[in-house]
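*Asks:* Sharing a structure with you now.
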Amino acid sequence: MIANGAFPRISDPLGEILYQLRMDGSLYAQSYLSAPWGVEMPELPGKMMFHIITQGQCWLHVEGGEPVLLRQGSLVLVPHGRGHRVMDAPGSPVAKLFDLPIRRITDRYEELHYGGGGASTHLTCCVMSFDPLTGRQLIPHLPDYLHIDSWDTDVDSWLQTTLRFIAREAREQKPGGQTIIANLADILVIQAIRAWLDATEETSAGWLAALRDKYIGSALAAIHREPERNWTVDTLAREVGLSRSGFSARFSELVGESAKRYITHWRMQLARSKLLDSGISMGELADQLGYHSEAAFCRAFKRVIGVSPGSIKKSALSLL
């Protein structure tokens, strides 16, 4: 039973953090390509891009790395918005994306028909924005690209159904369609990141390893979920069921800084994001982040960020 109408908390810290990425601004495209062909994707800072090969195969080349073969049914996520190339074969001529005959169907949906008339490749592509606050925590820990080359039968079927659903919503522009597309793109990105985490051995230390830890992951999720609470080492240790000393040592070892420092830095980054993106007052913001006075909040903000919250707010207003 659900007491007092309250739903139980999610017991998946990684899932909570991935959810907090809050994908938005999705641009969805279908590309129908025939060999020889090559497309140079521009650098898009602060964005994620993914490609799913729905027919044929192609090669991906991210600057500084080796070309990677992408087979039908595979997904590749470029999480840092880096420029890259997709092509039918290494050495094929490459054209800049914005120089190609892209057909704009809606604000969120485009089609591209391009190539020399040879073997066909169909790509499903998406460009997404993400919440910069959570992104700053998660994205730096991801590689230049995440390549999911093989899906089991159930996942592959689910993936294709999801893509068809996205395509229909993008074309038809029904009420709520943009929200549906963004949420489905979230799911695809989460699936890719989860698959990479399951396959990689690079997360034995650092923030991602902390997030996957039964105790410290739960503590991080609690801090992110309720930044206004009067969190201390003692209260966090009790929250996750560890002794104070055990929790403190484990947190510092995995995260790389003390719990107290992490809490303060997270609150100040959250404050900076809110000051830039909303008309919230200093008093409201101080209250939301658990500070008993505006002055205490302002002192903490300047100590961590290096400038006063008022200067951040003024700079945001000057851009309006």
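*Asks:* Of the residues in the stretch 290-316, how many are closer than 19 Å to residue 262 by Cα, among the basic types (Lys, Arg) and surrounded by 13 or more Cβ atoms within 10 Å (Cβ to Cβ)?
*Replies:* Qualifying residue count, the stretch 290-316: 2.
*Asks:* For residue 266, all conditions in the list (1) in contact with a Pro (Cβ under 8 Å, 6 or more places away or on another chain); (2) free of Cβ contacts under 8 Å to residues at least 40 places away in the same chain hold save one; what is the number of the exception?
*Replies:* Looking at each condition in turn, residue 266 falls short on (2).
*Asks:* Right, something else. Residues being open to solvent by 80 Å² or more (accessible area, probe 1.4 Å) and assigned to a strand (DSSP E or B): count how many of those fall in the stretch 77-109.
*Replies:* Pass one, the stretch 77-109, residues open to solvent by 80 Å² or more (accessible area, probe 1.4 Å): 85, 93, 96, 98-99, 101, 103-104, 107.
Of the ones still in play, those that are also assigned to a strand (DSSP E or B) are 85, 96, 103-104.
Count: 4.
*Asks:* I've got another one for you. From the residues in the stretch 227-237 that are charged (D, E, K, R) and at pLDDT below 95, which one is nearest to residue 216 (Cα to Cα)?
*Replies:* 229
*Asks:* Taking the condition of being open to solvent by 40 Å² or more (accessible area, probe 1.4 Å) and over 23 Å from residue 209 (Cβ atoms), how many residues in the stretch 181-198 meet it?
*Replies:* The qualifying residues number 2.
*Asks:* How many residues, within the stretch 269-295, are under 16 Å from residue 229 (Cβ atoms) and outside any loop (DSSP other than H, G, I, E, B)? First the steps, then the outcome.
*Replies:* Taking the stretch 269-295 and keeping what is under 16 Å from residue 229 (Cβ atoms), we get 270-271, 285-292.
If we keep only those that are outside any loop (DSSP other than H, G, I, E, B) too, we end up with 270-271, 285-288.
Number of matching residues: 6.
*Asks:* What's the number of the condition residue 112 fails, among (1) closer than 19 Å to residue 42 by Cβ; (2) open to solvent by 60 Å² or more (accessible area, probe 1.4 Å); (3) touching a strand residue (DSSP E or B) at 6+ places or on another chain (Cβ under 8 Å)?
*Replies:* (2)
*Asks:* Say whether the condition of being in the same structural domain as residue 53 (by the TED database), open to solvent by less than 20 Å² (accessible area, probe 1.4 Å) and among the aromatic types (Phe, Trp, Tyr) is met by at least one residue in the stretch 127-143.
*Replies:* Looking through the stretch 127-143, none of the residues is in the same structural domain as residue 53 (by the TED database), open to solvent by less than 20 Å² (accessible area, probe 1.4 Å) and among the aromatic types (Phe, Trp, Tyr).
The values are calculated or read from the model by the stated rules, or taken from the named source; none is laboratory data. Model, not experiment: these values are computed from the prediction. Quick reminder, even Gly has a Cβ in these numbers, built from the backbone with ideal geometry, and neighbours come from all protein chains shown. Accessible surface areas use protein heavy atoms only, side chains included; no ligands, DNA or RNA. Shrake-Rupley method; radii C 1.70, N 1.55, O 1.52, S 1.80 Å.
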